[in-house]
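Structure first, commentary second.
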Amino acid sequence: MMTTEPIVALLVHGGPDSVEAARARGLASKHPPDKVSLLFREGSRWSTAGRWSRELERISPGLLYVINTAMPGALLACWWRRRHRVPFVLDTGDVVYEMARSSGITPAWKWPALKVVEALAQRMAHTIVVRGVKHAEYLRQKGHERVALIRDGYQTKDAPSPVIVEALRKRLGLADKFVVGIMGSLVFSPRLGICYGWDLIEALAELRDLPIQGLIIGDGNGEAWLRRRAGELGVAERVTFCGRIPYEEVSAYLRLMDVALSTQTNNLPGQVRTTGKLPEYMAAGRFILASRVGDAAVLLPETMLLDFAGEVDREYPRKLAARLRLLWRDRTILEARQTLPAMAAENCSYEVLSKKFNAVVAGITARQGNDEG
C-alpha cells in the first residue's frame with residue numbers, strides 16, 4: 001500500500017535561540033523541509049501547551065519528536081499517543097528525577113511528579129534517543145529495548161580567523177596568559193554545595209605562582225557564588241566572567257582557551273551525560289581535561305582524563321591543579337588536541353547525527369506503513 005511520508009513535529013523545550021533549538025535544527029537539517037515542523041517553547045507551560053496542541057491539530061503529524069523530558073511536551077506526546085495513536089520519540093540527555101534529587105536544585109515536593117512523568121514518557125515512547133553510551137546501557141538494563149544513541153552535536157562551520165580571536169583576547173585582557181576555561185550553565189546545587197566551575201576556582205588557588213587565567217562562559221544563579229568563592233580564595237582578579245554569549249560567537253571564545261574543562265560528578269546523573277560543551281570543545285581543537293565519567297571517558301584520550309570520586313570529590317581541584325601545572329611546563333602535551341576535531345566530526349557533527357535522526361524516523365514511519373497496510 002502506497003503511503004506519503006508523514007510530517008515529523010519536533011517539540012522543543014526551549015526558545016528559537018536555545019541550545020535545544022540548535023539540536024532540533026541540526027538533527028532535522030537533512031530531513032525534507034516540508035515534512036518537518038519545529039515547535040518552540042515560548043511563554044508559560046500552559047500557553048505553550050495550548051499553542052502546540054492547536055498546531056498539532058492543524059498539521060496532523062505522523063510522528064512527534066520530544067527534545068528533553070520536560071513539560072508540556074512529555075505529557076502532550078503521551079496524550080497524542082493515546083488519543084490519536086501517533087508515536088513519539090523521547091530525546092533526553094539526563095536522568096531527570098535522579099538529577100533533581102541529587103542536585104537539590106528542584107524543590108523536593110516536585111520530585112514525585114518528575115519521577116512519574118519521566119517513567120510514563122519512557123514507557124509510552126516508541127523510541128528513546130539518548131546522547132551517551134552509559135545512558136543507553138542504563139535504560140536497556142531497565143528493560144527499554146528501543147534505545148538509540150544520537151550524541152550532542154555541533155554545527156560545522158568555518159573557524160574564526162586568528163585576527164578575530166586575537167582581538168577578542170586583547171579585549172578581555174587575556175594576552176600572554178595561559179587560559180583555562182569552562183562553558184556551561186552556572187547553577188548552584190544546594191545539596192552538593194557547589195556550582196559548575198567550582199573546581200576551576202579552587203584549582204587557581206593552588207596555582208598562584210603561575211600566570212594562569214580562568215575564563216568562565218555562561219550565566220545562572222551560581223555566578224554570584226563563584227565570584228564570592230574566588231574572592232574568598234584571593235583569585236578574583238584571575239577569573240574572567242564572560243556571561244552568556246550568542247551561539248555564533250562560541251567558536252571564537254573557545255579558541256581563547258589553552259585548556260577547556262569538562263567535569264561531571266561520578267554518580268548516575270553525571271555518568272549518563274555527554275553535555276553539549278564536549279563536542280564544541282573537540283570541534284574547536286581545545287585540549288580538554290575531563291573527569292573520567294560518562295562519554296568523556298569513551299571519546300577522549302587517556303592524557304585528557306582525571307579520576308573523580310563520587311558526587312563531590314574535594315580532592316579533584318588539587319588533581320586538576322597538578323595536571324595544569326604539568327601542561328603549563330610542558331606545552332608539547334597540548335598537541336594531543338589536534339586529534340579532536342576529526343573525532344568530533346566522526347561522532348558529533350550534525351552531518352553525521354542528522355543521518356541517524358533520519359534513520360530513527362524512517363524506522364518508525366516504515367513500521368507504521370506496514371501496520372497500516
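Every number in this text was worked out from the coordinates using simple rules, so none of it is lab data. Not measured: the values here are computed from a predicted model. Cβ coordinates were reconstructed from backbone atoms using ideal geometry, including for glycine residues, and neighbour counts include every protein chain displayed.
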Practice problem: Would you mind getting the Kirkwood hydrodynamic radius of the stretch 3-160 from its Cα pairs, rounded to one decimal in Å? | Solution: 16.3 Å
Exercise. Once you've got the GNM for the chain with C-alpha springs shorter than 10 Å, pick whichever of GLY93, GLY173, GLY294 has the biggest mean-square fluctuation.
Key: GLY173
Self-check item: Peptides ranked, highest mean first, by Cβ atoms within 10 Å: ranges 229-239, 265-275
Solution: 265-275, 229-239
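For the ranges 298-309, 192-203, what's the packing order if you count other beta-carbon atoms within 10 Å of each residue, average per peptide, and put the highest first? Kindly include the intermediate steps, with their values, before the conclusion.
Details: 298-309: 16.6, 192-203: 22.4.
So the order, starting with the most tightly packed, is 192-203, 298-309.
Which value, in debye to the nearest 20, gives the size of the charge dipole of the stretch 58-177 about its Cα centre, when Lys and Arg are +1 and Asp and Glu are -1 at the Cβ?
Numbers: 20 positive and 10 negative charges, 77 e Å.
I would put it at about 360 debye.
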Practice problem: Using label points projected 7 Å from each Cα along Cα→Cβ, tell me how many nm separate ARG45 and ARG191, to one decimal. | Solution: 1.9 nm
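Contour minus end-to-end for ALA322 and GLU351, with contour as 0.36 nm per residue of separation and end-to-end as the Cα-Cα distance? Present the calculation step by step, with values, prior to reporting the outcome.
On the way: separation 29, 0.36 × 29 = 10.44 nm, distance 3.77 nm.
Result for the pair: 6.7 nm of gain on full extension.
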Exercise. Starting from the Cα of ALA108, move 7 Å in the Cα-to-Cβ direction to define the label point; list residues of the stretch 201-229 whose amide nitrogen is under 12 Å from there.
Key: none
Practice problem: Report the label-to-label distance for VAL116 and LEU172 in nanometres (one decimal), using points 7 Å from each Cα along the Cα→Cβ vector. | Solution: 4.5 nm
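Quick one, what does Rg over Rh come out to for the stretch 162-347 if you take C-alpha atoms and the Kirkwood Rh?
Details: Rg = 15.2 Å, Rh = 16.5 Å.
Ratio of gyration radius to Kirkwood radius for the stretch 162-347: 0.92.
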Exercise. Determine the gain in length on full extension of the stretch ARG314-THR4; use 0.36 nm per residue of separation and subtract their C-alpha separation, reporting nm with one decimal.
Key: 105.9 nm
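Which whole-number percent is the relative contact order of the chain (Cα, under 8 Å, 6+ apart)?
Numbers: 626 pairs, mean separation 63.6, N = 373.
Over the chain, the number comes to 17 percent.
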Exercise. Could you pull out the GluC sites (Glu not before Pro) across the stretch 305-369 that fall in loop regions by DSSP (anything but H, G, I, E, B) with no more than 13 other Cβ atoms inside 10 Å?
Key: GLU315
Quiz item: Got the relative contact order for the stretch 162-347 handy, in percent, Cα pairs under 8 Å and 6 or more residues apart?
Solution: 21 percent
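Considering lysine pairs in the chain that are 8 or more places apart or on different chains, how many have Cα atoms under 17 Å apart?
Values: LYS30/LYS157; LYS30/LYS355; LYS30/LYS356; LYS35/LYS355; LYS35/LYS356; LYS115/LYS142; LYS134/LYS142; LYS157/LYS277.
Here the count comes out as 8.
Could you work out how much longer the chain between ASP209 and ARG228 gets when fully extended? Use 0.36 nm per residue separation minus the Cα distance between them, nm to one decimal.
Taking 0.36 nm per residue and subtracting the Cα distance, the gain is 4.7 nm.
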Quiz prompt | Choice from GLY214, GLY15, GLY153 showing the highest fluctuation, given a GNM over the chain with Cα pairs closer than 10 Å | solution = GLY15
Practice problem: Two decimals is fine: what is log10 I(q)/I(0) at q = 0.08 Å⁻¹ for the chain, from a Debye sum with one equal scatterer on every Cα and no solvent? | Solution: -0.43
Quiz prompt | Of the GluC sites (Glu not before Pro) in the stretch 1-75, those whose Cβ has at most 15 other Cβ within 10 Å and which sit in DSSP loop | solution = GLU42
Self-check item: Computed label-point distance, nm, for sites GLU145 and ASP307 using a 7 Å Cα→Cβ extension
Solution: 4.1 nm
